[in-house]
Amino acid sequence: MKIISWNANGIRSVYSNGFLNWFKKEKSDFVCLQEIKAQEGQIPKEILELKNYYSYFNYAKKKGYSGTAIFTNKKPLKIITKLGLKRFDNEGRLLRLDYKNFTLINVYLPHGGRNKENLKYKIEVYKKLLQYLNKIKTQKILIVGDFNIAHKEIDLARPKQNQNNIMFTLEERKQIDKIIELGFVDTFRKFNKKGENYTWWPYFANARVRNLGWRIDYAFSSQTLSSLIKKAFILEKVVGSDHCPIGIEV
């Protein structure tokens, strides 16, 4: 079973940049998107009519902002779109599909703001998410998405220059520590301990070509599923967004 996660930075934007061809080529069982930036009625018809796939969306109330989506060839038993935090839930940042043998959670965690104006909100979201995960951690859980935090120095190109910057403050990095302390496994690091593996690059200074990036997109598995993860990967050559897709095979 193959699961892919991608911050699309606009589903209509990636659609115009060859999303359908890429999607069909990948033949994934699940494709989880974050930051779709669309409302109901704005999703291209071809995406909604993908053969042999069900599509699920959690739209933000604010137009052209946030939102999540999952495309899957496996119909879920239950769909959940709420974390229990009003602002977060209004922004469409969580999409959970429950199956008989496992649960898949697609998340888009807040950025925090370049000037840290939303850092308090970001930490509040993580606190709520950790409480949420703690209640279900004994189940078979996969949680994928854009976490907007580089965990270790190995996870960004210029750690020393960014020590006090958003997405790499000590307070933020501790949130990823706490997810791992709950028993969740960073699947990419299970297979790859090397640096220069990034999932997001700033648009300025030709950063992507120079590989001046950050690894802020993750696929975490519960301990109960960890032994079944056979592969974890980053598709750094896939363009169309400032992020690239990541994935796992289970």
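Every number in this text was worked out from the coordinates using simple rules, so none of it is lab data. Remember, predicted model here, so these are calculated numbers, not experimental data. Cβ coordinates were reconstructed from backbone atoms using ideal geometry, including for glycine residues, and neighbour counts include every protein chain displayed.
Name all residues of segment 221-250 having a backbone nitrogen under 15 Å from the label point set 7 Å from the Cα of residue 180 along its Cα→Cβ direction, giving them as ranges. Answer for this model: 221-223.
Order by neighbour count: 40, 236, 172, fewest other Cβ atoms within 10 Å first, most last.
Numbers: 40 7, 236 17, 172 23.
With the sparsest Cβ surroundings first, the list reads 40, 236, 172.
How large is the helix-only mean residue ellipticity at 222 nm for the chain, computed as the sum of -39500 (n - 2.57) over DSSP H runs with n ≥ 4, divided by its residue count, in deg cm²/dmol to the nearest 500? Calculated mean residue ellipticity at 222 nm is -6500 deg cm²/dmol. Panel values: segment 2-249, Kirkwood radius from alpha carbon pairs, Stokes-Einstein at 4 °C and 1.567 mPa s, translational diffusion coefficient 72 µm²/s.
Taking the Cβ of each residue in 151, 111 as the centre, tally the other Cβ atoms inside 10 Å and list the residues starting with the fewest.
On the way: 151 22, 111 17.
So the residues, fewest neighbours to most, are 111, 151.
Our estimate of slack between residue 89 and residue 209, defined as 0.36 nm per intervening residue step minus the Cα-Cα distance, is 39.7 nm.
Of all DSSP beta bridges confined to the chain, the antiparallel ones make up roughly 75%.
With a/c under 1.5 counting as rounded, go ahead and sort segment 11-79 into rounded, prolate or oblate using the C-alpha gyration tensor (a ≥ b ≥ c being the square roots of the eigenvalues; past the cut-off, prolate if a/b is larger than b/c, else oblate).
Values: a/c = 1.93, a/b = 1.19, b/c = 1.62.
Cα axes put segment 11-79 in the oblate bin.
Exposure proxy ranking for 220, 30, 233, based on other Cβ atoms within 10 angstrom of each Cβ and starting from the fewest, stands as 233, 30, 220. This model, with +1 at the C-beta of Lys and Arg and -1 at the C-beta of Asp and Glu, gives segment 1-144 a dipole about its Cα centre of some 360 debye.
If the chain between residue 153 and residue 239 were fully stretched, how many nm would it gain, using 0.36 nm times the residue separation less the Cα-Cα distance?
On the way: separation 86, 0.36 × 86 = 30.96 nm, distance 2.47 nm.
Contour length minus Cα-Cα distance gives 28.5 nm.
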